[in-house]
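First up is the structure itself, then whatever we jot down about it.
The values are calculated or read from the model by the stated rules, or taken from the named source; none is laboratory data. It should be emphasised that the depicted structure is a prediction, and the values quoted were computed from it without experimental measurement. As a convention, Cβ positions derive from the backbone with ideal geometry for all residues, glycine included, and neighbour counts pool all protein chains shown. The area values use the complete protein model at the heavy-atom level, side chains included, leaving out ligands, DNA and RNA. Shrake-Rupley method; radii C 1.70, N 1.55, O 1.52, S 1.80 Å.
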Amino acid sequence: MQTQTMPKAGHSHIFLGADHDRSEQRTWWVIWLCGAMMVAEILGGWLFGSIALVADGLHMSTHAGAMLLAALAYRYARRHASDPRFSFGTGKLGDLAGFTSAIILAIIALLIGFEAVSRFLSPVPIHFAEAIPIACLGLVVNIVSALLLSGGHDHGHSHGHGHGHNHAHHDHDDEYIIPTSFGEVRLEVFEHGVPPHFRLRAAPGFDISADAAMIETVRPNGACQSFAFVARDGYLESVDEIPEPHEFTASVKLFDQSYEVAFEEHEHASGAAGRDNNMRAAVVHVAADAAVSVLVIVGLLLARAFGWLWMDPLVGIAGAAVIASWAVGLIRDTGGILLDMTPDRGMEQKLRDAIERDGDEVADLHLWRLGPGHLGAILSVTTSSERTALHYRERLGRFKSLSHLTIEVHESRSQNS
């Protein structure tokens with residue numbers, strides 16, 4: 001039996017999301033916004049004798065508190081990411097914070113529902129002149145908060161390893177170094193926030209003109225495509241974008257020389273496996289508050305226009321149902337991660353297929369989430385060959401989300417008999 005444990009980046013156990021620092025910063029911005037609004041509403045209500053304004057300020061304090069929970073989770077996870085006491089890092093702290101926020105949301109939904117039912121049974125007078133502007137103000141704050149929290153992160157695929165007639169070796173996940181007679185040329189598939197294109201960068205002190213470069217790709221089904229280049233600031237970029245999937249052999253032609261680079265389509269964590277549940281919980285808080293604000297505004301306008309005082313508690317019940325639905329979904333997803341449920345069943349099957357394609361057998365497989373976009377896996381493989389754990393690690397190299405991989409290899413009984 002052979003066992004090998006292989007974290008993907010040396011022995012690092014830092015499994016934070018790719019957008020961790022930006023998410024933390026955006027959350028603090030929302031906290032300052034909500035805090036300022038809270039103080040303004042409470043002071044304004046106290047100075048002008050508006051209990052409704054004070055009540056909304058106190059409600060804003062719960063909103064700021066939820067954001068503070070998310071921000072502190074980001075900060076703690078970042079500061080203790082390298083703490084050896086955390087065997088698999090602090091990547092799950094955001095899921096714990098998201099689970100806590102979901103519980104708070106569920107309690108808020110119950111309180112809103114209880115208050116709404118109480119008002120059905122015992123209606124209270126509504127001060128429309130104060131309530132409608134406050135609801136509109138709350139909606140504006142939530143829209144601004146949502147804009148601050150939003151702002152996607154760059155996305156890029158990681159593609160394969162280079163080899164060929166004149167060998168190109170792999171430098172980064174999406175970059176290849178091609179040794180040429182005039183120095184190294186770097187080839188990459190660039191797609192950070194834009195459609196994917198090839199980029200070529202020559203060695204320092206040497207320039208490649210656009211008409212001296214071309215790439216021809218051949219896909220497994222035999223389809224061919226040629227890519228011409230245009231000069232950019234310090235590099236060449238293909239005129240046409242690269243169709244998905246990025247699995248092909250690229251023949252890179254530079255002057256009178258040709259180099260081959262093989263691209264493989266890599267597998268990334270998707271769905272629940274790659275989601276930042278701490279940011280998701282913060283967004284859900286904002287979205288829930290915004291949804292309730294819209295319902296309240298509609299209910300108040302109808303109640304004032306037609307005298308339908310029952311519209312106010314009715315929209316309260318509807319808002320409580322929406323918040324409860326989102327809270328249950330967040331509890332289910334974060335709870336599954338905290339209990340180490342398999343986060344991506346599709347990837348689990350692909351791992352099995354990759355190992356078993358040559359007749360080997362996966363006797364046991366555990367796949368769990370370490371943090372946003374980071375997965376851990378333990379595999380027990382039974383084989384009749386003399387393959388080592390390193391062989392299976394290389395076979396699983398295209399699964400870039402496997403940040404911590406332990407492989408146990410057993411010889412099958414047929415070989416021992």
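Worth a mention:
- Any hit, region 164-177, residues being over 13 Å from residue 249 (Cβ atoms) and either at pLDDT 80 or above or among the hydrophobic types (A, V, I, L, M, F, W, C) (or both): yes
- Flag if residue 327 is open to solvent by less than 10 Å² (accessible area, probe 1.4 Å), in contact (Cβ under 8 Å) with a residue 60 or more places away in the chain and of a type in the set (A, V, I, L, M): yes
- Residue tally, condition buried (at least 19 other Cβ atoms within 10 Å of the Cβ) and either in contact with a strand residue (DSSP E or B) (Cβ under 9 Å, 6 or more places away or on another chain) or of a type outside the set (Gly, Ala, Ser) (or both), over region 298-316: 5
- For region 16-35, residues that are among the small types (Gly, Ala, Ser), farther than 14 Å from residue 147 by Cα and open to solvent by less than 100 Å² (accessible area, probe 1.4 Å) total 2.
- Test: residue in region 388-395 that is at pLDDT 85 or above, of a type in the set (A, V, I, L, M), out of contact with any helix residue (DSSP H, G or I) (no Cβ under 8 Å at 6 or more places or on another chain) and buried (at least 18 other Cβ atoms within 10 Å of the Cβ): yes
- Count of region 365-391 residues which are basic (Lys, Arg) and either over 30 Å from the mean Cα position of the chain (by Cα) or not in a strand (DSSP E or B) (or both): 1
- Exactly one residue among 116, 109, 81 is of a type in the set (Gly, Ala, Ser) and over 20 Å from residue 288 (Cβ atoms), and that residue is 81.
- Exclusive hit being out of contact with any His (no Cβ under 8 Å at 6 or more places or on another chain), closer than 29 Å to residue 290 by Cα and touching a residue at least 12 places away in the same chain (Cβ under 8 Å), set 346, 319: 319
- Residue check for residue 325: among the hydroxyl-bearing types (Ser, Thr, Tyr) and in the same structural domain as residue 61 (by the TED database): yes
- Count - residues of region 181-227 that are of a type outside the set (Val, Ile, Thr) and open to solvent by 50 Å² or more (accessible area, probe 1.4 Å): 20
- Residue 238 meets the stated requirement of being open to solvent by less than 40 Å² (accessible area, probe 1.4 Å), among the small types (Gly, Ala, Ser) and modelled with pLDDT of 90 or more.
- Filter result for residue 405 (within 30 Å of residue 23 (Cβ to Cβ), assigned to a helix (DSSP H, G or I) and either touching a residue at least 40 places away in the same chain (Cβ under 8 Å) or within 17 Å of the chain's Cα centre (by Cα) (or both)): no
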